[in-house]
Each structure stands twice: as structure tokens, then as C-alpha cells.
Amino acid sequence: MPALHDYVIVAAVAAVVTAVLTPLVERLAWKMGWLALPSERSVHTEPTPAVGGLAMFGGFLAAMITAWRVDAFGGLFPGGWRIEPLGVVAAAGAMFLVGFVDDLKESAPVAKVTGMVLAGSILYWFGVQMVWLRLPFYDLVRVPWDWGPLLTVLWVLGMANAVNLIDGLDGLAAGIMAIASGAFFLYSQHLLDSGILQAPSIGPLLAVIVFGISVGFLPFNWHPAKIFMGDGGALLLGLLMASSTIVVGGRISEKTSGQSFFFLAPIFIPLVILGVPVLDTAVSIVRRAIRRKGITSPDREHLHHRLMRLGHGPRRTVAILWCWTALLSGVVLYPALNDGNGDALVPAGIAALGLLLYTVLHPEVRLRRRQSHHEG
């Protein structure tokens, strides 16, 4: 089994290659005119390169090749490319192309969704699929073979669109994905070390690659951003996280005493870890349905837009959402890493309440103070 330093090597390659390629992609984007222009629904005010996903895809390929050449990962690549890694690479390529084409020229929603379905179908075809599904308040269910393709595609669609929908502020999606993937790596690696998740598993590897890609891209995407990841980057990250969670949450059948928090519904734990983008996705879908708008229609009512209207600047808004993701990740991780001890839920709840009060009340307090000062 790979040791921690083996994963560190892969994550470092992903981060360094992404960081080296991003400035080159930025120059190419300016030369080719691949820019996101300011609009009514955007937050940025200057034309900005919007094809950072190209550098991220390069970082992903470099990391996968590195893992292939590192002996510790030989179980995933016995005598060459095993089916699952090849399927992830093919599906990631298809998903990236869907987003990249949309970045260059906005695609029709039907065409875009069709491409995502194709990427999810590729994953299933190469064996990246759920085996078990634990339903909350019910029991463990073995996924029927004829339901496998549908569940895989729906999982990919949900995760990819969740990441894409939060890519609205500089550094938001990259930071949240770095936190979420790092937490999920620790969780899945713990399951491997405990023998709960069968080795070899590509899940921890994909999670740590997402972490490396996000960290490598973030310095160029922090406010004011020099480049955006675009749909190509957001959909790529979503596809990789979907693949990682499928082979972890969907491959666990053993019940472990003291870890009821995890094993009540292990297939939904990624949704908890990625709670901020998933919540934003659900709210935006309901909002558009109430207004009788298409799911893909743009608006300025996302969580980050609402926070900014409360008085937070772009950096503070991003920091708040990063903190929420870190808190959710901590709540999920602590019971697993401490043999089911849930004592961390109390301080995490207090921290969440404090963060909620800060998020909602602090801007209004500052506004009232300004108003009182001017009136006085």
C-alpha cells in the first residue's frame, strides 16, 4: 500500500505542474482571446482569461503518470494501465472537453448535459461504479446491475454541477475543493489503513490529486484573479471527486462499531464534506424552479452573491465559505479518526454558530455604525 510520502509526491507533482502551466495558459488565453468579459451576472469587472482548466488538466495528467511510475501504486497499475485508472483518465478528458468548449463558445444546455452523461457513462464502462448503497434510516442495499449506470451518471452530474455552480468568486471553488479533497483523502486513507476499504483503491489517489491541482491553481485565482478555471476546470474537479467518492463510499459493506456517523450513510458523506457547494446547488435549483426558469439559467442569487450584498467583500466572502467547508469536514472526520468519538460535535457546533452570527450579523452591525456616525 502507498505510504503518506507517496501521496505527497503525487500531490506535489499535481500542484507544481499546474502552477507552472497556469501562467503559460494565461498568456495563451490573452493571445487567443479566450477571455471572460464582465456581465450583469459576473462579479469581476475586467476581461479575464477563463481557460485555467487547461493547466489543471495538465496537472492531473502529470500526477497520474507519476503515480503510474511510483512503485507503491503498482497495485493500481499491474503491468500497465488497469481498467479503472484508464477509465478515469478517459472520463476526465471527456468532461474537460465539455467544459473547455463551453468556455470558448457557450454550448447549448442539452449538448453540455449530454457530454456530462457521456463522461459518467465512460466511468461506469471502465468499472468505476457503486457496489453498495446505504440508505439513511434503512439498511445496506446492493446496487442492482441495471441501476448502476444511472446512479453513476447522476452522481457525476451532481458533483460536477455543484463545483461549477460555486465557481463565482475568485478562489472560491479552488479553495473549497482543496479543503474538501484533503479531508476526503484523510477519511478514505483511514478506511484503507483500517482494512474497511479494500486495497488497492484509486479513491485516495484521486482525492490527493484534486488537492494538488487546487493548491497549484489557487495563487493565480485568488482575488484579484489573473485567470479563472472556467467550466473546463470546474467540471474536471467535479468528475475527479465524483470518481473518488464512488470507489470509496460505494465500495464499503462492513459495519464498524463506534463509527455510526460514517456508516449510517457512507455514500452521502461526500455530500456532507462538500456541504457548501451542495447546499448552494440545491437552493439554486429550487429557486429557479419556483421562478419557472431553467436549471442552467444564470442569476445573481448564489450564496456568494448574497454574502457580498450583506456587506462582505470578495475575499471575506470566500474566507467565510472556506471556513464553512473546513467545519463540515472536521465534523465528518473527527469521529472516524478517533474511533467513533463524537465529542468534537459540540465545539464544532459552537464554532458553526459563531460563524453563522458573524456571517449574518457582522456586516449589518458595521453598516449601522456607519449610519449612526454619519447621523451624529
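List of remarks:
- Number of the exception - ALA207 against (1) of a type outside the set (Lys, Arg); (2) over 24 Å from THR66 (Cα atoms); (3) outside any loop (DSSP other than H, G, I, E, B): (2)
- Conditions (1) hydrophobic (A, V, I, L, M, F, W, C); (2) under 30 Å from LEU191 (Cα atoms); (3) at pLDDT 95 or above; number of the one not met by TRP68: (3)
- Number of the condition not met by LEU191 [criteria: (1) within 30 Å of ARG27 (Cα to Cα); (2) at pLDDT below 90; (3) not charged (D, E, K, R)]: (1)
- Every residue from the range 185-218 that is over 15 Å from GLY238 (Cα atoms) and among the small types (Gly, Ala, Ser): SER188, SER194, GLY195, ALA199, SER201, GLY216
- Residue in the range 139-158 that is farther than 19 Å from SER243 by Cα, surrounded by fewer than 24 Cβ atoms within 10 Å (Cβ to Cβ) and in contact with a Leu (Cβ under 9 Å, 6 or more places away or on another chain) present: yes
For every residue, the table says whether it meets (1) over 23 Å from TRP30 (Cα atoms); (2) part of a helix (DSSP H, G or I); (3) of a type in the set (Val, Ile, Thr).
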| site | (1), (2), (3) |
| --- | --- |
| ALA90 | yes, yes, no |
| GLY93 | yes, yes, no |
| PHE96 | no, yes, no |
| VAL101 | no, yes, yes |
| ALA111 | yes, yes, no |
| THR114 | yes, yes, yes |
| LEU118 | yes, yes, no |
| SER121 | yes, yes, no |
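- Any hit, the range 135-145, residues being at pLDDT 90 or above and more than 27 Å from ALA36 (Cα to Cα): no
Residue-wise test of (1) at pLDDT 95 or above; (2) surrounded by fewer than 21 Cβ atoms within 10 Å (Cβ to Cβ); (3) out of contact with any strand residue (DSSP E or B) (no Cβ under 6 Å at 6 or more places or on another chain).
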site	(1), (2), (3)
VAL8	yes, yes, yes
VAL17	yes, no, yes
PRO47	no, yes, no
LEU61	yes, yes, yes
MET64	yes, no, yes
GLY79	no, yes, yes
ILE83	no, yes, yes
VAL88	yes, no, yes
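- Checking each residue in the range 21-45 for being of a type in the set (Gly, Ala, Ser), modelled with pLDDT under 95 and not in a loop (DSSP other than H, G, I, E, B) picks out only ALA36.
- Every test in (1) in a loop (DSSP other than H, G, I, E, B); (2) without any contact (Cβ under 8 Å) to a residue 12 or more places away in the chain is passed by PRO200 save one, and that test is (2).
- Scanning the range 210-239 for residues that are in a loop (DSSP other than H, G, I, E, B), over 21 Å from VAL101 (Cα atoms) and aliphatic (A, V, I, L, M) yields one hit, ALA225.
- The requirement of being among the β-branched types (Val, Ile, Thr) and in contact with a helix residue (DSSP H, G or I) (Cβ under 7 Å, 6 or more places away or on another chain) is fulfilled somewhere in the range 169-184, by at least one residue.
- Every condition in (1) at pLDDT 85 or above; (2) among the hydrophobic types (A, V, I, L, M, F, W, C); (3) assigned to a helix (DSSP H, G or I) is met by VAL163 except one, and the failing one is (1).
- LEU123 meets the stated requirement of being touching a residue at least 40 places away in the same chain (Cβ under 8 Å) and within 23 Å of the chain's Cα centre (by Cα).
- Checking each residue in the range 224-251 for being modelled with pLDDT under 85 and surrounded by fewer than 22 Cβ atoms within 10 Å (Cβ to Cβ) picks out only ARG251.
The values are calculated or read from the model by the stated rules, or taken from the named source; none is laboratory data. Since the structure is predicted, the reported quantities are computational estimates derived from the model, not experimental observations. Because the Cβ atoms are built from the backbone with ideal geometry, glycine has one as well, and the counts that use them run over all protein chains shown.
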